[in-house]
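Please read the structure below before turning to the comments.
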Amino acid sequence: MSAEMKVPFYGHVRQYHNLKSEIDKAIVDVLESGKYTMGPTLKRFEEELAAYMGMKYAIGVNSGTDALWLTLLALGVGKGDEVITTANTFFATAEAIWLIGATPVFVDCHPDTRNIDVTKIEEKITPRTKAIIPVHLYGQPAEMREIRKIADKYNLIVLEDCAQALGSRGDDFKIGELSDAVATSFITAKNLGTFGDGGAVITNRDDIVEPLLRMRNHGSIKRSVHSVGWNSRLDDLHAGILSVKLKHLDEFNDARIERAKWYEEFLAGTKIKLPYCKPGYRHVYHLYVIETPGRDDLQAFLQERGVETLTHYPIAIHQQEGFPFGAGDPHPILPETEKNAAQCLSLPMYPELTKDECKYVADCILEWERSRA
Ligand SMILES: *Cc1c(COP(=O)(O)O)cnc(C)c1O
């Protein structure tokens, strides 16, 4: 079987070509300015991002991982604390918890949304629980109203991992509105991505801003005066590129939603589990993840037909051999998480994906399904 079409998993270069004049100008402007770290381009982007989120502060850092662990520290979470999150997320969510000396405690995911199952959070709360990190997985917000209620009842900090969901919102809540802070990532593959690494913390809490500004710059907010911090700055070059892309973010997310509709339409009648969007939510489809027990076979079938796919995430964090478990439950029972890991398959999804490509991908999937009936 020869492939009739080649459908790449990512559209980064297509996006660059579409925005080439704007992006090239932003890069040249920074190069000509002579100010490459902690300069005016970073400051401008931070203001634009805070305004976009409808929040008071945005603080650029070097990665989404740094945004998570530095914010946990700024919020007073640390050694001996337990932090509740999910195990079907990118490794960094749990890594950040481990890095500050705290213990991740994993709650199973919901069978439909694959976000944290809010009905299973309370049973994991102990006297050591200090915070919850809900992950807005694949581009859909977690159920923040319910999470807020639990956090209020047990006096817990809430840090949103929004690395996959900038521009999304809930039915009656916005990202950032019901938590202490939001962490996000700008690595290339994200909805808002640069050509390299980057991240940010967005918050309304005045008290964590200075600690974060210090920590990202060797404990210094005044030249030559230091406390112990870290080096985690968002380069002005990336900030300039991100400023350009932020202006297009809503339109990009709308295009992703349109492509999700195309997939749904072209895959009508399939028995394969398609992404579930909660009524009233704005799911921005950072990833378009289908689930089938024949995942590996389908992935190979699509590869042969020129369709590139990936898996997010095929090994749940509690099943990673390299994950250093602390005092928490070393063998949590997370059946939905394990099912998600075994069955997930991410289809090509980006604003530059054409309708013909979506149709071709869907036709190949339906052909595979018929071949197995
Ligand atoms: C990408 C990602 C991160 C980490 O961001 P980096 O910028 O790669 O450090 C954290 N959490 C989630 C859910 C992610 O998707």
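Taking amide H as placed 1.01 Å from N in the peptide plane, the amide H of Val107 sits under 5 Å from that of Thr85, Thr86, Ala87, each at least 5 places away or on another chain. The residue list Ser227, Gly196, Val209 was ranked by how far each Cα lies along the charge dipole of region 160-235 toward its positive end, using unit charges on Cβ atoms, and Ser227 comes out on top. Loop-located GluC sites (Glu not before Pro) across region 1-102 with a Cβ neighbour count of 10 or fewer within 10 Å are Glu4, with loop assigned by DSSP. Note: region 112-169, Cα convex hull, 79 Å³ per residue. Taking each residue as 0.36 nm, the span from Thr37 to Val13 lengthens on full extension beyond its C-alpha to C-alpha distance by 6.1 nm. Between Arg256, Arg128, Arg214, the residue with the greatest mean-square fluctuation in the GNM of the chain (Cα pairs under 10 Å linked by springs) is Arg128.
Here region 163-308 is treated as a Stokes sphere of Kirkwood radius computed over C-alpha pairs; at 25 °C and 0.890 mPa s its diffusion coefficient rounds to 134 µm²/s. Taking Cβ atoms as reference points and 13 Å as the exclusive limit, the residues near Leu287 contribute a net charge of +3, counting Lys and Arg as +1 and Asp and Glu as -1. Per-residue 3J(HN,Hα) values for region 303-318, derived from phi via the Karplus relation 6.51 cos²θ - 1.76 cosθ + 1.60 with θ = phi - 60°, read 4, 4, 8, x, 9, 7, 10, 9, 10, 10, 10, x, 10, 5, 4, 5 Hz in sequence order (x marks Gly and Pro).
When DSSP assigns beta bridges and you keep just the ones with both residues in region 141-276, what percent turn out antiparallel, to the nearest 5? Could you put the intermediate results ahead of the total?
Values: 7 of 10 bridges.
Around 70 percent of the beta bridges assigned by DSSP in region 141-276 are antiparallel ones.
Each of Glu367 and Leu274 was given a label point 7 Å from its Cα along the Cα-to-Cβ line. The distance between the two points is 2.0 nm. Top mean-square fluctuation among Ala74, Ala142, Ala51, Gaussian network model of the chain, C-alpha springs under 10 Å? Among Ala74, Ala142, Ala51, the largest mean-square fluctuation in the Gaussian network model of the chain belongs to Ala51. The convex hull drawn around the Cα atoms of region 57-171, when projected onto a plane and averaged over every direction, covers 7.0 nm².
For the chain, report the accessible area per residue in Å² (1.4 Å probe, heavy atoms, rounded to an integer). Each step should come with its number before you reach the end.
Numbers: 16040 Å² over 373 residues.
Value for the chain: 43 Å² per residue.
By the helix-only formula, in which each DSSP H run with n ≥ 4 contributes -39500 (n - 2.57) and the sum is divided by residues, the chain has a 222 nm mean residue ellipticity of -12000 deg cm²/dmol.
With all protein chains present, how much of the accessible area of the chain (probe radius 1.4 Å) comes from carbon and sulfur, to the nearest whole percent? The value for the chain is 52 percent carbon and sulfur by accessible area.
Divide the volume of the convex hull of the Cα atoms of the chain by its number of residues and quote the answer in cubic angstrom per residue.
In the chain, the Cα convex hull volume per residue is 137 Å³.
In this simple spin-label model, placing a label point 7 Å from the Cα along the Cα-to-Cβ direction at both Val28 and Ala189 gives a separation of 3.3 nm.
Spin-label model, Lys359 to Arg223: label points 7 Å out along the Cα-to-beta-carbon direction sit 6.2 nm apart.
In the elastic network of the chain, a GNM with C-alpha springs shorter than 10 Å, the most mobile of Pro127, Pro40, Pro211 is Pro127. Scaled against 2.2 N^0.38 Å for its residue count N, the alpha carbon radius of gyration of region 69-111 is 1.13. If Lys and Arg each add +1 and Asp and Glu each add -1, what is the summed charge of the other residues whose beta carbon sits under 15 Å from the beta carbon of Trp69? Summing Lys and Arg as +1 and Asp and Glu as -1 gives -3.
For region 210-250, what class follows from the C-alpha gyration tensor (a ≥ b ≥ c being the square roots of its eigenvalues): rounded when a/c is under 1.5, otherwise prolate if a/b is larger than b/c, else oblate?
Values: a/c = 3.73, a/b = 2.93, b/c = 1.27.
It is prolate, given that a/c is not under 1.5 and a/b is the larger ratio.
According to the Kirkwood relation over distinct C-alpha pairs, the hydrodynamic radius of region 249-371 is 15.8 Å. Of all lysines in the structure, those lying under 22 Å Cα to Cα from Lys339, and not within fewer than 8 positions of it along the same chain, are Lys120, Lys124, Lys271, Lys273, Lys278. Nearest 5 percent is fine: what portion of the DSSP beta bridges confined to the chain is antiparallel? DSSP beta bridges in the chain are roughly 55 percent antiparallel.
The values are calculated or read from the model by the stated rules, or taken from the named source; none is laboratory data. On a predicted model such as this, the values are computed, not experimentally measured, just so you know. Every residue, glycine as well, gets a Cβ built from its backbone with ideal geometry; the counts of neighbours run over all protein chains shown. For accessibility, only protein heavy atoms count, side chains too; no ligands or nucleic acids. Shrake-Rupley method; radii C 1.70, N 1.55, O 1.52, S 1.80 Å.
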